[in-house]
Amino acid sequence: MVRAMELPPSLRGAVDRALEGISLADLKRSADILSQRYRAEVRDGRMHLSDDMAARAYLATRLPATYAAVRAGMEFVADRRPDFAPVTALDVGAGPGTAFWAASDCWPSLDDALLIEGSPAIRACGEALSQAASPSRIEWRSADIINGLPDLAPRDLVTLAYVLDELSSDARDRLVDRLWSLTADTLLIVEPGTPAGWQRILRARDRLLIMGAHMIAPCVHGGACPLAAPDWCHFSRRVARSRLHRQAKGAEVPWEDEKYAYVAVSRQPGPSPEARILVPPRSGGGRIALRTCNADGSVGERALSKRDGAAFKTARRLDWGDSL
Ligand SMILES: C[S@@+](CC[C@H](N)C(=O)[O-])C[C@H]1O[C@@H](n2cnc3c(N)ncnc32)[C@H](O)[C@@H]1O
């Protein structure tokens with residue numbers, strides 16, 4: 001049974017308070033519109049989170065999933081870089097502050113966060129939520145990130161979560177370059193785990209490697225990506241759904257699986273794992289089959305059986321996205 005990720009209690013409580021007394025019919029309507037706009041990747045010059053109801057629908061229906069994806073990406077970074085203890089963070093296209101909450105949960109060292117967001121409606125929600133957070137300094141700024149970011153000092157951790165899909169291709173490239181220049185240590189970019197999301201991650205990855213970034217995750221090498229369409233590199237995180245979340249989505253089950261794609265790079269080289277598991281391991285009949293991306297730049301299948309002893313036992317505990 002896969003365990004569903006829950007929001008940290010202080011964030012869960014702050015979200016519940018933000019949604020108190022809201023009309024379920026209005027929430028459902030806004031959640032439907034939002035979901036259609038995200039699915040169709042609409043770029044019509046209007047912000048998806050342009051009004052208060054859209055912002056609240058985001059809190060109810062998207063924040064738990066984007067939190068889970070970003071938090072999972074951070075876990076993979078922490079796994080590769082146990083020495084990394086960011087104190088300063090920058091989150092761009094912060095929405096309700098999702099990546100900031102995930103970062104404070106992953107790295108208790110975090111003490112000074114700057115969040116940049118263009119929509120006044122979701123920024124207001126985020127500012128209210130962040131009053132329940134622990135880092136001593138949290139600053140919100142309003143800026144249109146298409147027009148470049150204000151003059152800032154580089155920060156230890158820079159995050160960009162579920163934002164590239166809202167920008168034009170040129171604006172994406174400029175933003176990725178600029179974010180790298182603002183990264184003192186680690187940059188994490190997360191996108192929906194669709195083929196299009198992966199293409200955006202792949203393009204950002206290529207640019208970052210050319211600029212001298214060291215690969216942290218998910219790739220176990222800095223060479224060309226060996227995957228080719230219709231294959232795409234993505235991962236999944238199970239997310240707990242609150243009752244309101246289920247009602248707003250008209251869903252039955254108390255969880256959903258959020259598919260995401262991500263890339264994390266650093267200014268510090270780190271030891272590389274041997275391989276990363278690209279799809280859910282398949283087991284049965286005393287055998288486990290793993291499809292992995294390997295440090296030599298290849299993709300391949302490995303099969304383990306009970307005869308492999310300790311390696312088989314280890315493999316039984318491995319999951320999609322884990323490294324070997
Ligand atoms: C899908 S939300 C993601 C929010 C948050 N990062 C998360 O993972 O939950 C994308 C966010 O980027 C913001 N955004 C999109 N285009 C922007 C722009 N040109 N300038 C500033 N913010 C922008 C949106 O307002 C929205 O809050």
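The values are calculated or read from the model by the stated rules, or taken from the named source; none is laboratory data. All of these numbers come straight from a predicted model, not from anything done at the bench. For neighbour counting, all protein chains shown are included, and Cβ atoms are generated from backbone atoms with ideal geometry for every residue, glycine included. With ligands, DNA and RNA removed, areas are computed over all heavy atoms of the protein, side chains included. Shrake-Rupley method; radii C 1.70, N 1.55, O 1.52, S 1.80 Å.
One table, with the values for the structure above:
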item: Share antiparallel - DSSP beta bridges, the chain, percent rounded to 5; result: 60
item: Largest-first ordering by accessible area, 1.4 Å probe, given options Thr159, Thr88; result: Thr88, Thr159
item: Farthest toward positive dipole pole in the chain [+1 Lys/Arg, -1 Asp/Glu at C-beta], among Gly285, Ile216, Pro273; result: Gly285
item: Accessible-area composition of the chain, carbon plus sulfur, in percent [1.4 Å probe]; result: 50
item: Peptide ranges 143-152, 218-227 listed from the most packed, as the mean C-beta count within 10 angstrom indicates; result: 218-227, 143-152
item: Alpha carbon centroid spacing (whole Å) that separates region 186-245 from region 30-86; result: 15
item: Largest to smallest accessible area among Ile189, Ile138 [probe 1.4 Å]; result: Ile138, Ile189
item: Charge tally in the Cβ shell below 14 Å around Asp322, where Lys, Arg are +1 and Asp, Glu are -1, Asp322 excluded; result: +3
item: At q = 0.14 Å⁻¹, base-10 log of I(q)/I(0) for region 275-316 (Debye sum, equal scatterers on each alpha carbon); result: -0.30
item: Value in Å of the Kirkwood radius, where region 9-266 supplies the Cα pairs that are averaged; result: 18.4
item: Cβ-derived FRET efficiency at R0 51 Å, Arg178 paired with Glu20, nearest 0.05; result: 0.85
item: FRET efficiency for Glu301 and Gln199, using Cβ-Cβ distance with R0 set to 35 Å, rounded to 0.05; result: 0.90
item: Alpha-carbon centroids, region 259-295 and region 125-180: separation in whole Å; result: 28
item: Asp111/Val2 FRET efficiency (R0 41 Å; Cβ-Cβ; nearest 0.05); result: 0.80
item: For region 275-316: accessible area per residue (Å², 1.4 Å); result: 57
item: On Cα atoms only, tilt of 120-130 relative to the major axis of the chain in degrees; result: 70
item: From the C-alpha gyration tensor of region 211-324, square roots of 5λ in Å; result: 28, 23, 13
item: Length added when fully stretched, Arg207-Ala132, from 0.36 nm per residue minus Cα-Cα; result: 23.3 nm
item: Accessible surface, region 10-145, averaged per residue in Å² (probe 1.4 Å); result: 40
item: Dipole magnitude of the chain, debye to nearest 20 (Cβ charges: Lys/Arg +1, Asp/Glu -1, about Cα centre); result: 1120
item: Cross-link reach list, lysines versus Lys259, counting only Cα pairs under 20 Å and skipping chain neighbours closer than eight places; result: Lys249
item: Rel. contact order, % - alpha carbon contacts under 8 angstrom, at least six apart, region 168-324; result: 24
item: Under DSSP loop assignment and at most 11 Cβ neighbours within 10 Å, longest trypsin sites (Lys or Arg not before Pro)-free interval of the chain; result: 47-324
item: Computed [θ] at 222 nm, helices only, for the chain once each DSSP H run of length n ≥ 4 contributes -39500 (n - 2.57); result: -11500 deg cm²/dmol
item: Nearest-ten-degree value, helix 169-181 long axis tilted from longest Cα axis of the chain; result: 80
item: Partners for Lys306 among aspartates and glutamates (Cα-Cα distance below 19 Å; same-chain residues under 8 apart left out); result: Asp319
item: Accessible area in square angstrom per residue, region 190-273, 1.4 angstrom probe; result: 43
item: Virtual spin-label span in nm between Glu252 and Arg43, 7 Å along Cα→Cβ; result: 3.8
item: Partners for Lys28 among aspartates and glutamates (Cα-Cα distance below 18 Å; same-chain residues under 8 apart left out); result: Asp16, Glu20, Asp51, Asp52, Glu252, Glu256
